[in-house]
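See below for the structure under consideration.
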Amino acid sequence: MEKRNLNIIEKVMKHKQIVLLLVVITALFGVFALWVMPRNEFPEFVIRQGLIIGVYPGATSNQIEDQLTEKVENYLFGFQEVNRDKTYSISKEGLMVIMVEVNTNVKDPDAFWDKLKFGLANLKKQLPPQVLVLDADNNFGNTSAILLNVQSEQRSLRELEHYVTTIEKELRKIKSVSKIKHYGLQQEQISIYMNPDKLATYGVRPATILAALQMEGTVNYGGDVDNAQLIMPIHVPTNYRSEKEISQQIIYTNPLGNIIRLKDVATIKREFVSPESYIKNNGKNSLLISLEMQPGTNIVQFGKEVDELLLQINNKLPEDVIVAKTADMAAVVDSAIQHFLKEFLIAIGGVILVVMLMLPFRVACVAGATIPIIVFISVGILYVLGVDLNTVSLAGLVVVLGMVVDDAIVVIDNHLEKLDHRETPWNAAWKSATELFVPVLTATLAIIVTFVPTLFFLFGMIGDFVYSLPITIGVALTISLAVAYFVVPFISFKFIKKGIKRDDEVKKKNNSIFNVLQKAFDNTLESAFRIPKITVTIGFASFFIGVLLIALMPRQLFPKVERNQFAVEIYLPEGVALEQTAIVTDSLTNMLLKDKRVVNVTSFIGTSSPRFHTTYAPNFPSKNYAQLVVNTTTEESAVKLMEDYENEKRDYFPNAYVRIKQLDMMPTAAPIEVRVSGNNMDSLKIIAEKVKAVMK
């Protein structure tokens, strides 16, 4: 008798030890990967926005526009990388700000920004000499992982600055920390208030005082010493080290030898500069520390390291100095990942339960056992491919969860059919997989191809955001196919020896869920064939009803972020003093703090917070603007609180517009944005007012 050649599935079954060893190793590696792989709330994507800032002291908004903004825009729009439709400028007295957005097809935005900065340095030479600053900032998109508030009711901000420096030094010991920045520090200066009467008495002009101070307060180069071995520069240092030394400065000496010192004609004070902006936490002045994390780091582990170090730091600080978190991305990600993992486990349990209810216990066990195997192997491969564990990759696993068991069920069902036709368990196992390989492969590829176009047709932030979804689905379905054809046949051979029709256990369950559903399906199918016209009509009607419902349903590309945190933006008319902005901000802060659902409120008066959510861009500092970051007890209370305040407080202040901002993944400031452009400013203002009236 001629010996039959074994096909690949039979060979795998025969050398089962190798296959099972590979399965165990890769599954265990997946468990390890699940524990150590980087975690984040959302996938990392490139922020393609940046700023160009020009400072032209003393210039009006029209002069800024004519002499600075237009020239910079003409230079800027010479770059193909710039998205003109989303790039706009703001010209105000003494200041130019251009919000630049890079096109989505630019692979390396950092290279563009380097080129732009070099070009701006050359362009500045062609601008009026009064332009002090012209620079680009592409760190606009850096997101803070944790924001820390440092405050004390007994100490000044100057004293708190010392503790902020100490805290920063300790935090830099964490290897995964990238950048540490602080905000809210007060600038200190020594002010000289000249007395006009005394100047007149001594016959001293202010210009004389200025010249004397400039000469003594400048670090001058005094040459160098060359001893044929080493060249050492000589610098003449400044003489001023304190207010007292400044007060002793000689400003005038008459021919008789009489000396006039600065203290004789002026008052010298060390004082803080009147702030352009400041920060409060729960109504108290505070300083803010921003922590950024190294890319590719497990943010949950990063958060734990920061918490452990903060415990040590708090033990060293005075009792009145309080360090509190305003934003904690690590805790948010940990909660989100835990929530998704919980839902994921429930989904796995649901699939296994359905399989066990619909199929005999032994058959269900074989099919259900493939689910954790496929999931863990897929996670291991995603880790090797550099895919983070985030809501998108987990969502991909949840989406594909019901599909990954399909291949195994198809192979097992064919195995049972072979057993019912008196095949031996061995032959039934390898034949069941061999015969259906092409149709199952085709179906699997069809599902994968459905998601693949997102890799090629979605660009920019959206493309970066969904990038891991098709990869996750493709990997999971590929592993599902491999497990169904190289693992399931041997398990079926080992544990399933009888077909369903010959299974006495099934015969006894004439009223089982499987039989009841099968009978109901058969009866429905027969009824549908008896009334074909009505069946076709119902089918078309269902289709059109579905299309109608899709048209009527609210649509949004990305969902709102579920977080016990939201922002409040306050806008006052242009030209309003910082004190007026503070009055509105403090009033709204006090209202929020009286609500039991609010944990804490951090106020940014005259400025905005650092970017603490990936797509929530900071606003440019302005005295008529303020921002609140509100933390609540629960996610549900945050949503309810926003609804209440949106209805009650939006128009509560007659001279201010209060906007409640729920965090989401949309990169735009508002759902609808209208930009009116042209060369005639008067016409633009008229049209803008008309648009504003329509939108209200």
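Scanning the stretch 31-52 for residues that are touching a Phe, Trp or Tyr at 6+ places or on another chain (Cβ under 9 Å), open to solvent by 20 Å² or more (accessible area, probe 1.4 Å) and of a type in the set (A, V, I, L, M, F, W, C) yields a total of 7. Here Ser393 does not fit the description of being at pLDDT 85 or above, under 30 Å from Glu435 (Cα atoms), of a type in the set (S, T, N, Q) and surrounded by 21 or more Cβ atoms within 10 Å (Cβ to Cβ).
For the stretch 658-681, a residue qualifies if it is touching a residue at least 40 places away in the same chain (Cβ under 8 Å) and open to solvent by 90 Å² or more (accessible area, probe 1.4 Å), and exactly one does: Arg675. Please work out if Asp264 is among the charged types (D, E, K, R), assigned to a helix (DSSP H, G or I) and in contact with a helix residue (DSSP H, G or I) (Cβ under 6 Å, 6 or more places away or on another chain). Considered against the rule, which asks whether it is among the charged types (D, E, K, R), assigned to a helix (DSSP H, G or I) and in contact with a helix residue (DSSP H, G or I) (Cβ under 6 Å, 6 or more places away or on another chain), Asp264 comes out as no. Quick one: in the stretch 47-67, which of the residues that are of a type outside the set (S, T, N, Q) and part of a loop (DSSP other than H, G, I, E, B) is farthest from Asp108 (Cα to Cα)? Filtering first and then ranking leaves Gly58. Listed by first and then second residue, the pairs with beta-carbon distance under 9 Å, at least 6 apart or on different chains, first residue in the stretch 136-161 and among the charged types (D, E, K, R), second surrounded by fewer than 14 Cβ atoms within 10 Å (Cβ to Cβ) and not in a strand (DSSP E or B), are Glu153/Asp320; Arg155/Pro318; Arg155/Asp320.
Based on what the data block shows, is Val351 out of contact with any Leu (no Cβ under 8 Å at 6 or more places or on another chain) and at pLDDT below 85? Give the derivation first.
Numbers: out of contact with any Leu (no Cβ under 8 Å at 6 or more places or on another chain): no; at pLDDT below 85: yes.
So Val351 fails the test.
Give the residues of the stretch 105-151 that are of a type in the set (S, T, N, Q), in contact with a strand residue (DSSP E or B) (Cβ under 6 Å, 6 or more places away or on another chain) and modelled with pLDDT of 85 or more, sorted by residue number.
Step one: of the stretch 105-151, the residues of a type in the set (S, T, N, Q) are 105, 122, 126, 130, 138-139, 142-144, 149, 151.
Cutting the leftovers down to in contact with a strand residue (DSSP E or B) (Cβ under 6 Å, 6 or more places away or on another chain) gives us 138, 142, 144, 149, 151.
Of everything in the stretch 105-151, those that are of a type in the set (S, T, N, Q), in contact with a strand residue (DSSP E or B) (Cβ under 6 Å, 6 or more places away or on another chain) and modelled with pLDDT of 85 or more turn out to be Ser144, Asn149, Gln151.
I'd like to check something: does the stretch 599-611 contain any residue that is among the hydrophobic types (A, V, I, L, M, F, W, C) and open to solvent by 60 Å² or more (accessible area, probe 1.4 Å)? Within the stretch 599-611, one or more residues are among the hydrophobic types (A, V, I, L, M, F, W, C) and open to solvent by 60 Å² or more (accessible area, probe 1.4 Å). Please identify the pairs in which a residue from the stretch 70-86 that is of a type in the set (A, V, I, L, M) has its Cβ atom under 8 Å from the Cβ atom of a residue that is open to solvent by less than 80 Å² (accessible area, probe 1.4 Å) and in a helix (DSSP H, G or I), counting only partners at least 6 apart or on another chain. Close Cβ pairs satisfying both conditions: Val72/Leu120; Val72/Leu123; Leu76/Leu116; Val82/Leu76. Elements of the type strands (runs of 3 or more DSSP E) sitting completely within the stretch 107-213 and holding at least 2 residues that are farther than 29 Å from Phe612 by Cα, of a type outside the set (Asp, Glu) and open to solvent by 50 Å² or more (accessible area, probe 1.4 Å): these cover 188-194.
Screening Arg241 with (1) surrounded by fewer than 12 Cβ atoms within 10 Å (Cβ to Cβ); (2) assigned to a loop (DSSP other than H, G, I, E, B); (3) modelled with pLDDT of 75 or more gives one miss only, at (3).
Mind counting the residues in the stretch 318-350 that are surrounded by 16 or more Cβ atoms within 10 Å (Cβ to Cβ) and of a type outside the set (Lys, Arg)?
Looking only at that region, the number is 20.
Only one of the listed residues (Thr434, Thr444, Thr454) is at pLDDT below 85, among the polar types (S, T, N, Q) and surrounded by fewer than 21 Cβ atoms within 10 Å (Cβ to Cβ). That residue is Thr454.
Of all residues being over 17 Å from Phe112 (Cα atoms) and in a loop (DSSP other than H, G, I, E, B) in the stretch 75-96, which is modelled with the highest pLDDT? Just the residue, please. Don't jump to the end; show me each part of the working.
Let us first name the residues in the stretch 75-96 that are over 17 Å from Phe112 (Cα atoms), namely 85, 88-96.
Add one more test, that the residue is in a loop (DSSP other than H, G, I, E, B), and what stays is 93-94.
Working: Glu93: 82, Gly94: 85.
Within the stretch 75-96, the match that is modelled with the highest pLDDT is Gly94.
A single entry from Ile583, Ile687 fulfils the requirement of being free of Cβ contacts under 8 Å to residues at least 12 places away in the same chain and open to solvent by 90 Å² or more (accessible area, probe 1.4 Å): Ile583. Scan the stretch 456-502 for residues that are touching a helix residue (DSSP H, G or I) at 6+ places or on another chain (Cβ under 9 Å) and not in a helix (DSSP H, G or I) and jot them down. If the condition is that a residue be touching a helix residue (DSSP H, G or I) at 6+ places or on another chain (Cβ under 9 Å) and not in a helix (DSSP H, G or I), then Leu458, Tyr467, Val487, Ile496, Lys497, Lys498, Gly499, Ile500, Lys501, Arg502 are the ones that fit.
Pick from Val72, Val24: which is surrounded by fewer than 17 Cβ atoms within 10 Å (Cβ to Cβ) and outside any loop (DSSP other than H, G, I, E, B)?
Numbers: Val72 fails: surrounded by fewer than 17 Cβ atoms within 10 Å (Cβ to Cβ).
So the residue among Val72, Val24 that is surrounded by fewer than 17 Cβ atoms within 10 Å (Cβ to Cβ) and outside any loop (DSSP other than H, G, I, E, B) is Val24.
Closer than 29 Å to Phe42 by Cα, out of contact with any helix residue (DSSP H, G or I) (no Cβ under 9 Å at 6 or more places or on another chain) and at pLDDT 85 or above: does that describe Ala327? Considered against the rule, which asks whether it is closer than 29 Å to Phe42 by Cα, out of contact with any helix residue (DSSP H, G or I) (no Cβ under 9 Å at 6 or more places or on another chain) and at pLDDT 85 or above, Ala327 comes out as yes. So Asn62 clears everything in (1) under 27 Å from Pro621 (Cβ atoms); (2) surrounded by 16 or more Cβ atoms within 10 Å (Cβ to Cβ) except one condition, right? Which one? Asn62 satisfies every listed condition except (2).
The values are calculated or read from the model by the stated rules, or taken from the named source; none is laboratory data. Not measured: the values here are computed from a predicted model. Ideal geometry is used to build each Cβ from the backbone, glycine not excepted, and the neighbour counts take in all protein chains shown. Ligands, DNA and RNA are excluded from the accessible area calculation, which covers all protein heavy atoms including side chains. Shrake-Rupley method; radii C 1.70, N 1.55, O 1.52, S 1.80 Å.
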